[in-house]
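Asks: Okay, here's the structure, questions in a sec.
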Amino acid sequence: MSSRRRLLVGILRGLLRLLTRWEVNGEENLPKGGPLIVVFNHMAHLDGPLVMATVPWEIEALALSDLYEVPVVGQLLRLYGVIPVHRDDYDRKILRRALDVLAEGKVLILAPEARQSRTLSLERGRRGAAYLALRSGAPVLPIGLTGTETVYPEWRHFRRPHLRVNIGQSFELRGPLARGPERRAQVTGGRDEIMRRIAALLPVQYRGVYA
């Protein structure tokens with residue numbers, strides 16, 4: 001890990017310990033390293049940084065370009081070097097970059113919903129994570145987050161929000177990636193498997209369409 005990234009992650013971990021009650025469950029499920037795709041539910045600005053601070057590896061991350069405009073979080077993502085994406089754009093360069101990360105044996109993190117949930121529970125996932133997993137053959141590590149939606153209200157009342165990170169067991173989607181008309185159904189099935197794995201790590205009220 002570069003010295004800049006190591007410093008940023010260290011500062012982030014220190015702030016989380018100081019300003020929140022940060023609980024991590026399932027650390028025994030963490031693999032030794034990549035190639036690996038880490039997926040998580042997305043409710044608030046702090047979700048991605050929380051995952052970055054929790055996992056023990058240097059990671060590469062995909063994040064919505066809109067997050068670059070969020071105070072503090074945006075500066076952190078920019079300094080770390082997170083890969084910005086536009087939610088509704090199909091960008092072959094971004095896909096190629098993500099696949100290159102995995103081909104190099106690194107860890108990639110992303111939120112399959114591709115935006116913050118408007119209901120504070122799981123929305124229907126996008127297919128990107130499943131496509132990358134099937135195309136690369138990399139295993140997927142699901143993480144369920146709770147409490148990040150309470151951060152700003154709790155801080156306004158000078159309270160430390162309780163953030164819980166539940167780490168599941170890594171798994172592989174059944175591949176290889178199909179060709180032709182079968183591909184869409186295969187990727188959709190992979191998408192649903194990923195989202196069900198995340199849902200299993202969350203309390204019922206957070207599971208949304210995957211309850």
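Asks: So is Val85 among the β-branched types (Val, Ile, Thr) and farther than 20 Å from Arg115 by Cβ or not? First the steps, then the outcome.
Replies: Working: among the β-branched types (Val, Ile, Thr): yes; farther than 20 Å from Arg115 by Cβ: no.
Judged against the criteria, Val85 is not a match.
Asks: Return the residues of segment 126-160 that are more than 14 Å from the chain's Cα centre (by Cα), closer than 22 Å to Leu77 by Cα and modelled with pLDDT of 95 or more; say none if nothing qualifies.
Replies: Correct list: Gly147, Glu149, Thr150, Val151, Trp155.
Asks: Here's something else I'd like to know. So Val187 passes all but one of these: (1) surrounded by 15 or more Cβ atoms within 10 Å (Cβ to Cβ); (2) free of Cβ contacts under 8 Å to residues at least 60 places away in the same chain. Which condition number does it fail?
Replies: Condition not satisfied by Val187: (2).
Asks: Still on this structure, I have one more. Collect the residues in segment 29-60 that are of a type in the set (D, E, K, R) and either closer than 20 Å to Glu193 by Cβ or assigned to a loop (DSSP other than H, G, I, E, B) (or both), keeping them in residue-number order.
Replies: Passing the criteria: Lys32, Glu58.
Asks: When Gly48 is evaluated against the numbered criteria (1) at pLDDT 95 or above; (2) crowded, with 20+ Cβ neighbours inside 10 Å, which criterion, by number, is the only one it fails?
Replies: With (1) at pLDDT 95 or above; (2) crowded, with 20+ Cβ neighbours inside 10 Å applied to Gly48, the lone miss is (1).
Asks: Further question: Is it true that Glu123 is closer than 27 Å to Pro56 by Cβ, of a type in the set (Asp, Glu) and either surrounded by 20 or more Cβ atoms within 10 Å (Cβ to Cβ) or at pLDDT 95 or above (or both)?
Replies: Here the answer is no, as Glu123 does not meet what is asked.
Asks: Right, next: Can you tell me which residue within segment 61-96, out of those that are of a type in the set (A, V, I, L, M) and in a loop (DSSP other than H, G, I, E, B), is modelled with the highest pLDDT? Talk me through it step by step, then tell me what you get.
Replies: Keep residues of segment 61-96 that are of a type in the set (A, V, I, L, M), which gives 61-64, 67, 70, 72-73, 76-77, 79, 82-83, 85, 94-95.
Now drop any that are not in a loop (DSSP other than H, G, I, E, B), which leaves 70, 72, 82.
On the way: Val70: 78, Val72: 76, Val82: 84.
Residue satisfying both the conditions and the ranking: Val82.
Asks: Give all pairs with beta carbons closer than 8 Å in which a residue from segment 59-76 that is over 18 Å from Ile94 (Cβ atoms) meets a residue that is hydrophobic (A, V, I, L, M, F, W, C) and surrounded by 14 or more Cβ atoms within 10 Å (Cβ to Cβ); count only pairs at least 6 apart in sequence or on separate chains.
Replies: Close Cβ pairs satisfying both conditions: Val73/Leu46; Val73/Leu67; Gly74/Leu67; Leu76/Leu8; Leu76/Leu12.
Asks: Return only the number of the condition from (1) under 25 Å from Leu36 (Cα atoms); (2) touching a residue at least 60 places away in the same chain (Cβ under 8 Å); (3) out of contact with any strand residue (DSSP E or B) (no Cβ under 6 Å at 6 or more places or on another chain) that Leu141 does not satisfy.
Replies: (3)
Asks: Kindly evaluate Arg126 against the criterion of being in contact with a Leu (Cβ under 9 Å, 6 or more places away or on another chain), of a type in the set (Lys, Arg) and not in a helix (DSSP H, G or I).
Replies: no
Asks: Which residues, counting only those in segment 159-211, are in a helix (DSSP H, G or I) and of a type in the set (Asp, Glu)? It would help to see each step written out before you state the result.
Replies: As a first pass, look at segment 159-211 and keep what is in a helix (DSSP H, G or I): 182-199, 204-206, 208-210.
Those that are in a helix (DSSP H, G or I) and of a type in the set (Asp, Glu): Glu182, Asp192, Glu193.
Asks: Here is a follow-up. So which residues in segment 201-211 are of a type in the set (Gly, Ala, Ser) and loosely packed, with under 14 Cβ neighbours inside 10 Å?
Replies: Scanning segment 201-211 gives a single hit, Ala211.
Asks: For Val24, which of the numbered conditions (1) free of Cβ contacts under 8 Å to residues at least 24 places away in the same chain; (2) assigned to a strand (DSSP E or B) fails to hold?
Replies: (1) is the only condition that Val24 fails.
The values are calculated or read from the model by the stated rules, or taken from the named source; none is laboratory data. Note that the coordinates shown come from a computational prediction; the quantities given were computed from them, not determined experimentally. Cβ sites come from the backbone with ideal geometry, for glycine too, and all protein chains shown count toward neighbours.
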